[in-house]
Amino acid sequence: MSDQPQPTGTASNPVIPGFHPDPSVCRVGDDYYLVCSSFEYFPGIPVFHSRDLVNWTQIGNALDRPSQLHLAPEVPSSAGIYAPTLRHHDGRFWLIVTIVGGGGNVIVTATDPAGPWSDPVPAPGVPGIDPDLAWDEDGTCWCTVAGVSQVRLDPTTGETFGEPRRIWSGTGGKAPEAPHLYRIGAYWYLLIAEGGTERGHGVSIARGSTPTGPFEPCPDNPVLTHRSTDRPIQNTGHADLVQAPDGSWWMVLLGVRPRGGTPGWHVLGRETFLAPVEWVDGWPVVGPLTTELPTPAWPLYPAAAVPSRDDFEQAELHPQWISVRERPEQLCTTKERSGWLTLRAAGASLDENDAVFVGRRQQHLVCRARTLIDPADGRGGLAVRLDEEHHYEIEAADGRVAVIARIGSVRAEVASRPVPPGPVVLGVDIDPLTPRDARGGPDALSFGIEDADGTFTALATLEGRYLSTEVAGGFTGRVIGMYAAAGTIHFDRFDYEPQPSS
Ligand code: 6LW
C-alpha cells in the first residue's frame, strides 16, 4: 500500500468486489482490518487492510495451513467457513468463526493480522453460527450467535460458562443472525441481520445498558434494507460497525448486484459494501448506500494493485489464489517447473469434490482471463466455477481443446477443435448481455483460444445466468481459474483484466 495519499477522493462501492461476504471489521489506530467468509475454499478467511475504509489490500488468509483448516471431500460446497468476527483486544487480534461440517466454532489469534494466525482453539459450547466476541468493562468475554443467543466464553481456552441465553430475536424477519455487540457511549448495542440473506435481507439494532440485555429494539428497524426496492445494490445485510479516527461511524455490509430480466441474477456472489452512519437520538441512521460513495473527509490511500498477470515466478502463491477444499503441495506447486504453476489431477473433473483447481474471485462484471497451458502430460484447462454442479470450462488435451458446460445434472461438451500439439493460450471473455426481454440473463461467457498475435477466437458463448446464485444456490460467487483433470498440467501464466463496463 502506498504511503502517499491520493490527491482526490472518488470512491465507489462495492469497496471489496467479488465473492467477499459477511464482512467483519476492526480498527487499530489508523489501520482498519477486515475479514470475510470463504466456505469450501482453501486457504480460508481472506484478511484485508485499509487506511481509509475505501481501498482494501488483501494481506493474507487467516487459515492458510492444513493444521488450521482441513475441509474433507465430504464437506459440501457452501459449507466450510461461515461468517467470522474480527476484533482487537488486549494487544491481539481475535477471530472467531464457524467451520460448518468441519469442526464447529473455533478461535484463532494473531499479533499481526497478515499472519501467522494460531492453530484453532475449538469452542464446542458456542451454540450456533455467526459467533461474535465482545469484552465488557471487567474483561468478561461474551459470545453472541445467530438466533440470537449469548454465552460467556473464555476465548483463550474456548470454554463456555453457564447455559446460552436467548437475548433477542429481531423484529420478526426470518433468520435473525450475524450479531455484533458493541459498547457505544452509554449503551450496549446489538446489531443483527434478519430477513434471510436473499432479497429480504436487512439490518436491525437494539440497545441495553448491559452486554447481556435486556435489549430495547430501535423504533426505526430495520435500520438498513433494500428489500422491495429497485436499487442496484440488493440483499443488503450482515453488517459490522466501525468508528473512524475523526469520530465518524461507518458500516460494512454485504450486498449483491443483480442484472438482467426478472428475477435478476447476481454472479459475483455477495460483495462488501460501505455506508456512512449518523447517530440520531442514540440510534444509527445508515446511508446512503449507493455505488458512488460519498467522499470521505480524509485522504484516500490506493490499495496495492494486484498485477493483472501472475507469471508464477514466486515460490509462494499470492493470497488471492484459492483452491477447492485443500491444496496439498504435491498437487499444486510452483517449485516443479520454474516460472510455471504445476497441477496434478486428483478428481477427474470439476464435477468432483476433490478437483484440483486454483482460481481467483471474479471481481468485475466485465472482464477477461487468459492462461498459457502446457497439456503435454495430461488434461486440464481454464474454468469459471460456482460449485461442482455449475461451471463452464475450456479444456486442453494434447492436440485438442473443448468447451464444457455443467449446469445442474447436465454435462455437455458444447464445442471443440484440433490445435497444434504443445502449449496453447485458453481464454474467457465475460461481457454484459443486453436483456432481450424480461427473461434476459446477466452476461455471456465466451470461451476460446488466443493465437500468437493476440487474436482471440471464441469456440462457444454461454449464458451467464447458469453460473449465478439465483440458479445454483449457495453462498459463494464465481471463481475463475486453472485446473487439472488428468495427469500433470503446467500453466506458464494467468492474466485477469477488468474491461470497461460500457
Ligand atoms: C451467514 C449468515 C449470512 O452465516 O449468510 O447473510 C450466512 N448472512 O449470517 C452464510 O454467509
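Read the figures in this text as sums done on the coordinates, not as results from a lab. Fair warning: this is a prediction, and the values are worked out from it, not measured in the lab. Glycine also receives a Cβ, built like all others from the backbone with ideal geometry; neighbour counts cover every protein chain displayed.
Summary of values
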quantity	calculated
The chain: translational diffusion in µm²/s, Stokes-Einstein, Kirkwood Rh over Cα pairs, 20 °C, 1.002 mPa s	92
Candidates per trypsin sites (Lys or Arg not before Pro) in segment 408-502, loop by DSSP, up to 12 other Cβ within 10 Å	Arg436, Arg439
Shape category assigned to segment 16-287 from the gyration tensor of Cα positions, a/c cut at 1.5	rounded
Charge sum, other residues only, whose C-beta stays under 12 Å from Trp135's C-beta, Lys/Arg counted +1 and Asp/Glu -1	-2
Centre separation in Å (Cα based) which lies between segment 221-250 and segment 83-102	22
Centre separation in Å (Cα based) which lies between segment 114-151 and segment 252-268	31
Between segment 364-443 and segment 18-35, the alpha-carbon center distance in angstrom	33
Dipole-positive endmost among Ala452, Leu462, Cys141 within the chain (Cβ charges, Cα centre)	Leu462
Phi to ³J(HN,Hα) by Karplus 6.51 cos²θ - 1.76 cosθ + 1.60 over segment 220-236, Hz, x for Gly, Pro	9, 5, x, 6, 8, 7, 10, 4, 6, 10, 9, 5, x, 9, 10, 6, 6
Rg(Cα)/(2.2 N^0.38 Å) for segment 342-467, N = residue count	1.04
Formal net charge of residues neighbouring Ile489 (Cβ-Cβ distance under 13 Å; K, R +1; D, E -1)	-4
Charge tally in the Cβ shell below 14 Å around Pro328, where Lys, Arg are +1 and Asp, Glu are -1, Pro328 excluded	0
Packing-based ranking, highest mean first, of 74-86, 240-252 given that Cβ atoms within 10 Å are counted	74-86, 240-252
Debye, to nearest 20: dipole size of segment 176-306, +1 on Lys, Arg Cβ, -1 on Asp, Glu Cβ	300
